[in-house]
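Encoded as structure tokens, the structure appears first; notes follow it.
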Amino acid sequence: MEQRAFAFPVAEERARALGEVHARPYVLVPSSRIIFQLAFLTENDPERDRQIMADLSRSRGVSPPDEQTSHHALAWGQGTLRWERHTEFSTYFWDAPAPARFGAEVDQHPFGDGFRPPGPLISAIRIEIRPALSDEEDAVSDLDRTSLCHSRTGNGQADIFTDFRQDGDGLTRFLVIDRGLTDASRGALVQRLLDIETYRTLAVLGLPLAQSLSPEIRAIEDRLTAITQRMKRWAREEADDMLAEITRLAAELEANAALSLYRFGASRAYYDIVRERIASLAEVAVPGHETMGLFLERRLAPAMRTCQSVEERQANLSRKLARATALLRSWIDVELQRQNASLLNSMDRRARLQLRLQQTVEGLSVAAISYYTVGLIGYLSKSAHRAGLPVDADLVTGASVPLAVIVIWLVVRTVRRRHTEAGQPRTPAPHSRPER
């Protein structure tokens, strides 16, 4: 076996990164061709989508797609059925020879009664590529004149007609007049038209959500305004109630934001793709007609601005709620600190009263213990006097009074000091520095 000159270890994702450049090659499209493409939302059930394509493949005697692959192709009739899996949707592309005239029915195609849709249909496109016609205006007479677009592209090698409306089968129709395109340039043009129609539909999916969220955001804004007006008058008295209400508003807003985050982000991405594809067409205006780019910009831009406006309102409202919450929390914290200070002062007064009472009790205790101690000494001295010892009982009793009071006071003081020291935390002794 011949040894390769650069047999180095390869990064794990290198093959995938390199293959991404060639993941969606343009289909080589000959002239006089009709193309159908249906796009279905399949994000919720991708396995069903893959299984349907596998069944179609087996019915044609073709191996089903691998579990990891995102595209597959098989021969069908006079054309090729191509399946491609995207993040949110899947597309089914089929091409065949064009019928005799523009808009005529195609008898045999893969999307008849036996076709099982893998999910809700989001886009359906019919593109017909025909050579130059003697009367092009008559060929597109079925299209709506109020929204008819006519663009020239490819340095004059192709004219595109469409009204962006759906025919009786629900298909958006495009007519491409071929004035010298190659198979590769036809394929690139077809792919751009398919992307424009598919992604412009997906981009507008965020509009209904934005329109449904707008009244809810307005209601939250009104309630926040009412709360801030209350804060000017009764902030400290009703801070807890207002904080609870603002917390509920914030939770409601965040729930709506989480619901719309993905949809609005996807709409922006799809809209950017539409604009890129339109720019790549390099359209040239035909006198008396509107280009596809101008037509879509006038209709898509307001929808995208609505989505952007709702998203910005959500972000601004979230910041306002956060500021109001912080203000109410600061007032509540100040009130709690004031209550804590009052409680500490009350506890301090109570402690001082207890100390005075304790000192009074200690004084009374010294007097009582001294009284009983002197009494015991008196009994002892009287007993000694009766026993014949030369002891003056009254003198001994009288002399023991100050001595007993002093001794008992010292004992009580020592006991109190030990109890006080036992209740205080001990400070660790400093470590002696080792001698060097």
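Going through (1) part of a strand (DSSP E or B); (2) surrounded by 15 or more Cβ atoms within 10 Å (Cβ to Cβ) one by one, Ala75 falls short only on (2).
Would you check if Ala239 is modelled with pLDDT under 90, crowded, with 19+ Cβ neighbours inside 10 Å, more than 20 Å from the chain's Cα centre (by Cα) and outside the structural domain of Ala124 (by TED's automatic domain parsing)?
yes
In this structure, does Glu221 turn out to be of a type in the set (Asp, Glu) and part of a helix (DSSP H, G or I)? It is true that Glu221 is of a type in the set (Asp, Glu) and part of a helix (DSSP H, G or I).
Among the residues of segment 87-99, is any under 19 Å from Arg58 (Cβ atoms), in contact with a helix residue (DSSP H, G or I) (Cβ under 7 Å, 6 or more places away or on another chain) and part of a strand (DSSP E or B)?
Within segment 87-99, one or more residues are under 19 Å from Arg58 (Cβ atoms), in contact with a helix residue (DSSP H, G or I) (Cβ under 7 Å, 6 or more places away or on another chain) and part of a strand (DSSP E or B).
Filtered by the rule that a residue be buried (at least 19 other Cβ atoms within 10 Å of the Cβ) and not hydroxyl-bearing (Ser, Thr, Tyr), segment 172-186 gives Arg173, Phe174, Leu175, Val176, Ile177, Asp178, Leu181, Arg186. Checked against the criterion of being among the aliphatic types (A, V, I, L, M), in a helix (DSSP H, G or I), more than 28 Å from Leu224 (Cα to Cα) and in contact (Cβ under 8 Å) with a residue 12 or more places away in the chain, the candidates Val310, Val374 yield just one match: Val374. Here Asp167 meets each of (1) within 30 Å of Ser57 (Cβ to Cβ); (2) buried (at least 17 other Cβ atoms within 10 Å of the Cβ); (3) not polar (S, T, N, Q) with one exception, condition (2).
Which of the following residues is more than 30 Å from Ser267 (Cβ to Cβ) and either assigned by TED's automatic domain parsing to the domain that holds Arg58 or in a strand (DSSP E or B) (or both): Glu84, Glu105? Within the list Glu84, Glu105, the selection yields Glu105.
Considering Leu189, Leu261, Leu253, the condition of being of a type outside the set (Ser, Thr, Tyr) and not assigned by TED's automatic domain parsing to the domain that holds Ser330 is satisfied by Leu189 alone. Hey, can you tell me all the residues within segment 166-184 that are within 41 Å of the chain's Cα centre (by Cα) and either part of a helix (DSSP H, G or I) or free of Cβ contacts under 8 Å to residues at least 60 places away in the same chain (or both)? If the condition is that a residue be within 41 Å of the chain's Cα centre (by Cα) and either part of a helix (DSSP H, G or I) or free of Cβ contacts under 8 Å to residues at least 60 places away in the same chain (or both), then Gln166, Gly168, Asp169, Gly170, Thr172, Phe174 are the ones that fit. Exactly one residue among Ser280, Ser267, Ser260 is within 30 Å of Gly187 (Cβ to Cβ), among the polar types (S, T, N, Q) and surrounded by 19 or more Cβ atoms within 10 Å (Cβ to Cβ), and that residue is Ser267. Candidates in segment 78-112 are the residues that are acidic (Asp, Glu) and at pLDDT 90 or above; of these, the one that is surrounded by the most Cβ atoms within 10 Å (Cβ to Cβ) is Asp95. Just one of the listed residues (Asp178, Asp159, Asp163, Asp169) is touching a Leu at 6+ places or on another chain (Cβ under 7 Å) and assigned by TED's automatic domain parsing to the domain that holds Glu88, and it is Asp163.
Name the residues in segment 194-212 that are of a type in the set (A, V, I, L, M, F, W, C) and within 25 Å of Cys149 (Cα to Cα), would you? Leu194, Ile196, Leu202, Ala203, Val204, Leu205, Leu207, listed by residue number.
Only residues that are within 14 Å of Ala203 (Cβ to Cβ) and touching a Ser or Thr at 6+ places or on another chain (Cβ under 6 Å) were counted across segment 261-307, and they come to 1. Ala100 satisfies every condition listed in (1) under 40 Å from the mean Cα position of the chain (by Cα); (2) closer than 24 Å to Val140 by Cβ except (1). Kindly evaluate Arg60 against the criterion of being in the same structural domain as Arg126 (by TED's automatic domain parsing), surrounded by fewer than 17 Cβ atoms within 10 Å (Cβ to Cβ) and in contact with a Leu (Cβ under 6 Å, 6 or more places away or on another chain). For Arg60, the condition - in the same structural domain as Arg126 (by TED's automatic domain parsing), surrounded by fewer than 17 Cβ atoms within 10 Å (Cβ to Cβ) and in contact with a Leu (Cβ under 6 Å, 6 or more places away or on another chain) - is met.
The rows are residues; the columns are (1) without any contact (Cβ under 8 Å) to a residue 24 or more places away in the chain; (2) crowded, with 18+ Cβ neighbours inside 10 Å; (3) farther than 20 Å from Ala96 by Cβ; (4) in contact with a helix residue (DSSP H, G or I) (Cβ under 9 Å, 6 or more places away or on another chain).
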| residue | (1), (2), (3), (4) |
| --- | --- |
| Ser123 | no, yes, no, yes |
| Pro131 | no, no, no, no |
| Asp138 | yes, no, yes, no |
| Thr146 | yes, no, yes, no |
| Gly154 | no, yes, yes, yes |
| Gln157 | no, no, yes, yes |
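Looking only at segment 189-215, residues that are small (Gly, Ala, Ser) and surrounded by 18 or more Cβ atoms within 10 Å (Cβ to Cβ) come to 3 in all.
The values are calculated or read from the model by the stated rules, or taken from the named source; none is laboratory data. This one's a predicted model, so the numbers in the text were calculated from it and none came from an experiment. Glycine also receives a Cβ, built like all others from the backbone with ideal geometry; neighbour counts cover every protein chain displayed.
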